[in-house]
Amino acid sequence: MYTKALLGGKVYLKTGWQQTNIYIENEKIALLSDDIFPAEEVIRLDGHEVLPGIIDPHVHFELDLGFIKSVDDFYSGSVAAAYGGVTSYVDFLDPVDNEIDLEKAFHKRLDLAKKSVIDYHFHACIKNPKGNLEVFVKKMKALGMNTLKLFTTYSDSNRRTYDPEIVELLKLSKKYHFLIMAHIENDDLIDLNPSFTYRDLAKSRPQEAETTEALKLAEFTRQTGGWMYMVHLSSGKTLEALIQNYPDILNKHFFVESCPQYFTFTNDVLEHHDGYLYTFAPPLRSAHEKDLLFANEHAVYTIGTDHCAFMKHDKIHDHLSETPLGIGGIEHALGIMRNHLGDDAIEKMTSRVAETQSLKAKGEIDIGFDADLIIFKPDQGMRVHGNHGSCDYSVYENLPTAGKVISTILRGQFVLKDGEFLGGKGQWIKGSDFH
């Protein structure tokens, strides 16, 4: 007898949609079958959709910026995530420049994440490194991480990693099978003019800063044969340039992530009276650049939210330099992106994320995979309403969404059932080698 049976659902498999039954045993998907077998708990789905649990590869819970901390901790952020059908996410360690501090940062983050109601993993994070990079990489892998985040900007806060070290890390990524996650902006083109307000954000961090740096790092990736993942691509011009110049390595060695906000808004909103609520880096782009993003969405490999929420009053400042950059989005990402891209959004938020993040038991509905599942009710007339995290606003409020997450199942247990939050106990997921 199986632990659970989900009967009569329209199930999203790698081969497409299929009407089938799902049987769960020992936290895993044990069987997919048209037949009826006995189970301790039977859930009749009446044709509702069943999707793999969403994996968000780009989350910032309890991010300490020095002068402020993001408002969603690992509990409130993971609750909001569960309402959005997210069953796993990858957060970031504090950036460090040596392997001793890397281990300290790992255990600090691991302790904070114990509150999480869904599963979690971490990216190691490096800043202007000192010492032996190979030793750093070996320590990262020994701790169970196979993704390393670096910044090509933020030299003002000593977070930038420079080109010689990036090239060396790319060579090491090939040798040790890990993926470099890169925040890609040309630091020399960033203007931190102290007189800038939030309306000047696109001027402060122009599109050219992203595009030129992305092309340079793609060339480094091609030359070294390493592995790189561009986080939060903001401009369709950048994507178009990568397609034209690097088709041989795009999403094979140089992977591209974008975010719901870049598919949803343009930089016109920065001129609104509440434009300060839409401040994040890289910033929103022009309508033309958004159109190019849609036209080339096939080349966006994954979707992450870059969830980094702050309260309204935290964002209201006279000067851009005082404004914390970041928005929330983890709860509404699935509905927003399915509204934009239809079923094309699903693999970008599930199996492809599991692939790039080396989370081998996640991201698909198949025998032997973790029983991480969403029950979803499509509704083309629905709009976003409400927020279950700590933040007091959402930029997605009242926007069209593709439907509603009815239930979220983590390793066979309901975290959210028929819209009611039941609670859950997330686990640290150890990564596998990247291939």
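Of all the numbered requirements in (1) in contact with a Leu (Cβ under 9 Å, 6 or more places away or on another chain); (2) closer than 30 Å to S33 by Cβ; (3) of a type outside the set (K, R), G342 misses one, and that requirement is (1).
So, D111, is that one at pLDDT below 95, surrounded by fewer than 23 Cβ atoms within 10 Å (Cβ to Cβ) and not in a strand (DSSP E or B) or not? Against the criterion (at pLDDT below 95, surrounded by fewer than 23 Cβ atoms within 10 Å (Cβ to Cβ) and not in a strand (DSSP E or B)), D111 does not qualify. If you go through segment 407-419 and keep only what is more than 17 Å from S116 (Cβ to Cβ) and out of contact with any Leu (no Cβ under 8 Å at 6 or more places or on another chain), you end up with G412, K417, D418, G419. A search for C-beta distances below 9 Å between a residue of segment 78-100 that is within 22 Å of S358 (Cα to Cα) and modelled with pLDDT under 95 and any residue that is crowded, with 20+ Cβ neighbours inside 10 Å and of a type in the set (V, I, T), counting only pairs 6+ apart in sequence or on different chains, returns nothing.
When segment 25-39 is limited to residues that are touching a residue at least 24 places away in the same chain (Cβ under 8 Å) and more than 35 Å from the chain's Cα centre (by Cα), the one that is surrounded by the fewest Cβ atoms within 10 Å (Cβ to Cβ) turns out to be P38.
Within segment 234-249, being touching a Phe, Trp or Tyr at 6+ places or on another chain (Cβ under 7 Å) and either in contact (Cβ under 8 Å) with a residue 40 or more places away in the chain or among the charged types (D, E, K, R) (or both) holds for one residue alone: S234. Taken over segment 384-430, the criterion of being among the hydrophobic types (A, V, I, L, M, F, W, C), outside any strand (DSSP E or B) and free of Cβ contacts under 8 Å to residues at least 12 places away in the same chain is satisfied by L422 alone.
Is it the case, given these coordinates, that L284 is part of a helix (DSSP H, G or I) and either farther than 19 Å from F196 by Cα or in contact with a Lys or Arg (Cβ under 9 Å, 6 or more places away or on another chain) (or both)? Steps first, answer last, please.
On the way: part of a helix (DSSP H, G or I): no; either farther than 19 Å from F196 by Cα or in contact with a Lys or Arg (Cβ under 9 Å, 6 or more places away or on another chain) (or both): yes.
No: the conditions fail for L284.
How do the strands (runs of 3 or more DSSP E) wholly within segment 35-106 filter down when requiring 2 or more residues that are in the same structural domain as N132 (by TED's automatic domain parsing) and of a type in the set (S, T, Y): which remain?
Working: elements: 39-44, 49-52, 54-56, 86-92.
Correct list: 86-92.
Residue count for segment 310-334 under the criterion of being in contact with a strand residue (DSSP E or B) (Cβ under 9 Å, 6 or more places away or on another chain), part of a loop (DSSP other than H, G, I, E, B) and within 19 Å of V405 (Cβ to Cβ): the result is 4.
With more than 23 Å from P57 (Cα to Cα) and in contact with a Ser or Thr (Cβ under 8 Å, 6 or more places away or on another chain) as the only criterion, which of A182, A214, A241 stands out? Show your work before the answer.
Numbers: A182 fails: more than 23 Å from P57 (Cα to Cα); A214 fails: more than 23 Å from P57 (Cα to Cα).
Of the residues listed, the single one that is more than 23 Å from P57 (Cα to Cα) and in contact with a Ser or Thr (Cβ under 8 Å, 6 or more places away or on another chain) is A241.
Note on segment 44-66: among residues that are of a type outside the set (G, A, S) and without any contact (Cβ under 8 Å) to a residue 40 or more places away in the chain, the one that is surrounded by the fewest Cβ atoms within 10 Å (Cβ to Cβ) is D46.
Annotation: A345 fulfils all but one of (1) small (G, A, S); (2) in a loop (DSSP other than H, G, I, E, B); (3) at pLDDT 95 or above; the unmet one is (2). Taking segment 401-435 as the range and being surrounded by fewer than 17 Cβ atoms within 10 Å (Cβ to Cβ) and over 21 Å from the mean Cα position of the chain (by Cα) as the test, the residues that pass are K417, D418, G419, E420, F421, L422, G423.
For segment 1-16, give me each residue that is in contact (Cβ under 8 Å) with a residue 60 or more places away in the chain, surrounded by fewer than 20 Cβ atoms within 10 Å (Cβ to Cβ) and in a strand (DSSP E or B). Step through it out loud before you land on a result.
To start, the set of residues in segment 1-16 that are in contact (Cβ under 8 Å) with a residue 60 or more places away in the chain comprises 3-4, 6, 9, 11-14.
Pick out the ones that are also surrounded by fewer than 20 Cβ atoms within 10 Å (Cβ to Cβ) and you get 3, 13-14.
T3, L13, listed by residue number.
Is it fair to say A299 is more than 18 Å from D56 (Cβ to Cβ), modelled with pLDDT of 95 or more and under 17 Å from the mean Cα position of the chain (by Cα)? Against the criterion (more than 18 Å from D56 (Cβ to Cβ), modelled with pLDDT of 95 or more and under 17 Å from the mean Cα position of the chain (by Cα)), A299 qualifies.
The values are calculated or read from the model by the stated rules, or taken from the named source; none is laboratory data. Predicted, not measured: the structure shown is a model, and the values here were computed from it. FYI the Cβ positions are ideal-geometry reconstructions off the backbone, even for glycines, and counts take in every protein chain you see.
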